[in-house]
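The values are calculated or read from the model by the stated rules, or taken from the named source; none is laboratory data. It should be emphasised that the depicted structure is a prediction, and the values quoted were computed from it without experimental measurement. Cβ atoms come from the backbone with ideal geometry, glycine included; neighbour counts cover every protein chain shown. Only protein heavy atoms, including side chains, enter the accessible area calculation; ligands, DNA and RNA are left aside. Shrake-Rupley method; radii C 1.70, N 1.55, O 1.52, S 1.80 Å.
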Amino acid sequence: MHVPVQAIDREIWRDGTASEGARLIPEETPLALSYNGGTYAVMMGTPQNLEDFAVGFSLDEGIIKSVDDIKSLDVVRLDDGIELRMWLEQDNAARISERRRHIAGPTGCGICGIDSIAEAVRPAAVVPQGQTFTPQQIMTAMQAIAPLQSINMQTRAVHAAAFWSPSNGIVALREDVGRHNALDKLAGSLARSRTGASAGMVLLTSRVSVEMVQKTAAIGAPVMVAVSAPTALAVRTAAAAGITLIAIARNDGFEVFTHQGRVTAHRAPEIIDVVA
């Protein structure tokens with residue numbers, strides 16, 4: 001089935017008593033990404049916002065530099081999965097052979113199939129300076145995520161990645177059983193809508209690993225905020241990329257691990273950042 005949520009019957013035991021009922025749970029299906037007729041990678045993910053996923057994955061992998069590099073994109077639903085078929089301009093085809101992955105990845109695997117240590121810890125892009133944010137803005141942004149997580153409200157089993165700006169609030173939010181997939185979907189959504197990221201923050205409902213920092217840098221967001229803690233490598237990568245990494249965001253506050261200067265008690269002028 002290729003719907004994002006399924007109703008599954010189950011037996012329930014509570015306080016020593018059994019009962020029956022259905023629970024909504026998220027779907028997980030193989031998503032094959034192919035370019036110019038060849039499969040690049042197979043990821044497990046939630047079958048929703050798949051055009052965004054295809055574009056965002058392609059950008060974050062460095063296969064394309066712009067959404068305009070994709071000549072065509074088709075979502076082909078098969079019996080045992082979904083294929084995202086893309087055809088690229090010939091100049092971009094060479095990048096596929098340079099970075100082609102050879103194995104299938106588990107749910108939202110960020111670096112499955114990479115065949116060298118250097119590729120796994122590649123330097124992230126350096127982000128623009130952007131603007132500063134107040135603690136209240138950061139907490140307001142994080143509190144805005146939950147009411148917009150439609151799949152998670154039904155299942156309590158998926159991650160979200162969102163983009164927030166002072167002028168527009170939550171600009172886009174994407175969900176997936178894989179945290180990397182959710183961030184790829186967000187990247188694709190922003191690229192397809194020609195929304196620049198230097199004027200806002202990437203928000204995550206997951207922990208922060210190095211791949212999440214690399215993807216945020218590829219998006220071009222100078223600030224990322226997560227509910228869980230980062231890894232040490234993620235902190236070092238964010239520092240090198242110029243990203244303000246904020247984590248362990250709760251209702252009563254958060255912790256700033258890198259580039260603390262973007263968090264200030266005084267409200268900064270808003271920046272309008274839309275890519276032409």
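Can you tell me which residues in the range 70-106 are under 25 Å from His2 (Cα atoms), modelled with pLDDT of 75 or more and not charged (D, E, K, R)?
Ile70, Ser72, Leu73, Val75, Val76, Leu78, Gly81, Ile82, Leu84, Met86, Trp87 - these are the residues of the range 70-106 that are under 25 Å from His2 (Cα atoms), modelled with pLDDT of 75 or more and not charged (D, E, K, R).
Tell me, please, whether a residue that is assigned to a helix (DSSP H, G or I) and touching a residue at least 12 places away in the same chain (Cβ under 8 Å) can be found in the range 122-136.
yes
Can you pull out the residues in the range 1-24 that are open to solvent by 50 Å² or more (accessible area, probe 1.4 Å) and either in the same structural domain as Met86 (by the TED database) or in contact with a Leu (Cβ under 9 Å, 6 or more places away or on another chain) (or both)?
Those that are open to solvent by 50 Å² or more (accessible area, probe 1.4 Å) and either in the same structural domain as Met86 (by the TED database) or in contact with a Leu (Cβ under 9 Å, 6 or more places away or on another chain) (or both): Ala7, Ile8.
Would you be able to say whether some residue in the range 20-28 is in a strand (DSSP E or B) and farther than 28 Å from Arg174 by Cβ? If you could, list the steps in order and put the result at the bottom.
Residues of the range 20-28 in a strand (DSSP E or B): 20-26.
From what is left, the residues that are farther than 28 Å from Arg174 by Cβ are 20-21.
Yes: one or more hits.
On the basis of being modelled with pLDDT of 95 or more and either more than 20 Å from the chain's Cα centre (by Cα) or not in a strand (DSSP E or B) (or both), does Val55 make the cut?
yes
Before we move on, is Arg250 in the same structural domain as Thr140 (by the TED database), basic (Lys, Arg), at pLDDT below 95 and under 26 Å from Leu148 (Cα atoms)?
yes
Among the residues of the range 145-157, what is the count of those that are of a type in the set (A, V, I, L, M), within 30 Å of Thr132 (Cα to Cα) and either outside the structural domain of Met212 (by the TED database) or assigned to a loop (DSSP other than H, G, I, E, B) (or both)? Outline the logic, then answer.
The first filter runs over the range 145-157 and keeps only residues of a type in the set (A, V, I, L, M), leaving 145-146, 148, 151, 153, 157.
So of that shortlist, the ones also within 30 Å of Thr132 (Cα to Cα) come out as 145-146, 148.
Restricting the remaining residues to those that are either outside the structural domain of Met212 (by the TED database) or assigned to a loop (DSSP other than H, G, I, E, B) (or both) gives 145.
Total meeting the criteria: 1.
Okay, residues lined up against (1) buried (at least 23 other Cβ atoms within 10 Å of the Cβ); (2) in contact with a Ser or Thr (Cβ under 9 Å, 6 or more places away or on another chain):
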| residue | (1), (2) |
| --- | --- |
| Val127 | yes, yes |
| Gln136 | no, no |
| Ala144 | no, no |
| Gln149 | no, yes |
| Gln154 | no, no |
| Ala157 | no, no |
| Ala161 | yes, yes |
| Ser167 | no, no |
| Arg174 | yes, yes |
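Give the range 218-247 a look and list any residue that's assigned to a helix (DSSP H, G or I) and either open to solvent by 30 Å² or more (accessible area, probe 1.4 Å) or within 18 Å of Phe133 (Cβ to Cβ) (or both), or say none.
Within the range 218-247, Ala218, Ile219, Ala232, Leu233, Val235, Arg236, Ala238, Ala239, Ala240, Ala241 qualify.
Checking Lys65 against (1) touching a His at 6+ places or on another chain (Cβ under 9 Å); (2) not in a strand (DSSP E or B), which test does it fail?
Of the numbered conditions (1) touching a His at 6+ places or on another chain (Cβ under 9 Å); (2) not in a strand (DSSP E or B), the odd one out for Lys65 is (1).
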